[in-house]
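The values are calculated or read from the model by the stated rules, or taken from the named source; none is laboratory data. Please read these numbers as outputs of a predicted model, since none were measured by experiment. All Cβ positions, even for glycine, are placed from backbone atoms using ideal geometry, and neighbour counts span all protein chains on display.
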Amino acid sequence: MGKLDKIFEIVSFYDECRWSRKENYNLINFFDTKKRNEKSNLDDDTKLLTHWLCYISDRQMGFERIWDVGGFVFSELADNFKKVDTKEGLFSLLDPKSGCSFIRKDENKPQKDGEKETYSFIGKKHPNELIVENYPNDIENEKVVFKSRYLPSDYYNIRYTFDLLFEYENNLTCFIAQAYHDCKKDKNRLIQKILFSLYLLTYYYEANGQPSYETIKEQGINISNRTKKVKEILSNREKFEKEFNVFVKTKIFQQKRAWCSLRDFLKSPEFNNFFVNSMINKKYLTETELNELLSDEMLHKLELPGDVWNNNSKFRKSVFKGTDYTDRKDSFNVLIREYYEKRCGMKAYPEQFDITFDFVPRMCDKNNCDICPIGYLSDGGNDFDKVCINDKDRYCPVTLVGCGYKNMCTGHEECKLRSIIKNKR
């Protein structure tokens, strides 16, 4: 087994640990709960839609604020969207002139001469305990305010999403199920085409580029024309294939937020449960169809969401040291997919490298190469055994130090990680 094969398996070990306990991944602070881990009474698709909305705003912000504050506001917005039965009602949810709008102008921000007006998302309900205790500065007049980093782009992405989902029973699961039915004959590219459909749902733009704050004030972008164009692509297979082929060549590795969301729907224990329940209860997919969509074969088609963590120079250098990829400048997710496709029968797969989100800040950025299992393969992690302590009564120190994951030690004899690296030469 080559070095990169072993690194794939090491990463797969971390990935399995990541999804084995709720404490190891992000949970949403739904507006109808007091605390993040309490049971919400929202229906399953509303929870999935909230998750999708949170990822729309997941750009260059602390993830805790997105899932705690953004999750609170967006879950109420999603719940209200579910009850809309007219386009007028839909528009009012995100029209700053409407009394029931979830977007408002920042009245309290001092306006300098020539400075443009800014906006924020705002909920209708009083903040719950989690918000009060941890985010008091995000409360105004007893309402929760969420200022995403990329307003107004996030605002319009949400408007695009809602306007198209209105044609699909106000239901994200319905939209994904339709994408599955439309594309299921092309099994080898099914996941890619579902992802492309989700890209069309939210992230597809006209040639005139991103909107500005002024367009919020004037409501100057014609949402209906955009929706009409996307529906034409989705309903015309020739147009769909043409646009899809361009997408694969130019954009498929750049869709971090869409890949993260689809990944969570398919493999996160929390959101996969919502996904399965919504599909089965609404009879959008049969159990056979759902099992195909959730199969290992489909998980292996997921692309790694490319970001600063897996493209970290120290991590890349350690992974690719002594391989044909040492001097390649391509994005990390492109190279990992390329290598995977050259190997047959690998149990690990590219998306699992997303553990770098947790791994790189704790290991690479802190120069912990001496205790790193990947460094151990490259003769750099010579103190690895000082961390890998054999004690079944305690958390695994390797996953806890490396990624912050809380998983019980299995003992050296049963440890998958040790079986991967024990014969490194």
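Structure data summary
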quantity	calculated
Condition broken by SER331, with the remaining ones in (1) of a type outside the set (D, E, K, R); (2) surrounded by fewer than 19 Cβ atoms within 10 Å (Cβ to Cβ); (3) touching a Ser or Thr at 6+ places or on another chain (Cβ under 6 Å) satisfied	(3)
Any pair with Cβ under 8 angstrom, 6 or more apart, that starts in the stretch 234-261 at a residue that is not assigned by TED's automatic domain parsing to the domain that holds LYS47 and ends at one that is among the small types (Gly, Ala, Ser) and modelled with pLDDT of 95 or more	none
Boolean, LYS82 is under 16 Å from TYR168 (Cα atoms) and either among the basic types (Lys, Arg) or outside the structural domain of LYS143 (by TED's automatic domain parsing) (or both)	yes
Residue within the stretch 146-154 that is more than 24 Å from VAL230 (Cα to Cα), surrounded by fewer than 15 Cβ atoms within 10 Å (Cβ to Cβ) and touching a residue at least 40 places away in the same chain (Cβ under 8 Å) present	yes
Pairs, first under 18 Å from LEU48 (Cβ atoms) in the stretch 166-193, second of a type in the set (Val, Ile, Thr), C-beta under 8 Å, six or more apart	PHE166/VAL84; GLU167/THR227; ASN170/VAL84; ILE176/ILE194; ALA179/ILE194; TYR180/ILE194
Condition broken by ASP45, with the remaining ones in (1) loosely packed, with under 14 Cβ neighbours inside 10 Å; (2) closer than 29 Å to ALA177 by Cβ; (3) among the acidic types (Asp, Glu) satisfied	(1)
Residue in the stretch 173-191 that is aromatic (Phe, Trp, Tyr) and either in contact with a Cys (Cβ under 7 Å, 6 or more places away or on another chain) or at pLDDT 95 or above (or both) present	yes
Flag if VAL73 is surrounded by 20 or more Cβ atoms within 10 Å (Cβ to Cβ) and within 17 Å of the chain's Cα centre (by Cα)	no
All positions within the stretch 274-295 that are surrounded by fewer than 16 Cβ atoms within 10 Å (Cβ to Cβ) and free of Cβ contacts under 8 Å to residues at least 40 places away in the same chain	ILE280, LYS283, THR286, GLU287, THR288, ASN291, SER295
Flag if ASP370 is at pLDDT below 95 and either closer than 27 Å to LYS406 by Cβ or assigned to a loop (DSSP other than H, G, I, E, B) (or both)	yes
Qualifying helices (runs of 4 or more DSSP H) (wholly inside the stretch 1-116; at least 2 residues being within 26 Å of LYS143 (Cβ to Cβ) and of a type outside the set (Lys, Arg))	44-56, 71-82, 87-92
Pairs where the first residue, in the stretch 320-334, is not assigned by TED's automatic domain parsing to the domain that holds ILE252 and among the polar types (S, T, N, Q) and the second is surrounded by 14 or more Cβ atoms within 10 Å (Cβ to Cβ) and assigned to a helix (DSSP H, G or I), C-beta under 7 Å, 6+ apart	THR323/LYS3; THR323/LEU4; THR326/PHE320; SER331/PHE253; ASN333/PHE253; ASN333/PRO350
Candidates ASN236, ASN225, filtered to the one that is of a type outside the set (A, V, I, L, M, F, W, C), loosely packed, with under 13 Cβ neighbours inside 10 Å and at pLDDT below 95	ASN225
Residue match in the stretch 202-212 (condition: modelled with pLDDT of 95 or more and assigned to a helix (DSSP H, G or I))	yes
Some residue of the stretch 307-317 being farther than 30 Å from GLY2 by Cα and aliphatic (A, V, I, L, M)	no
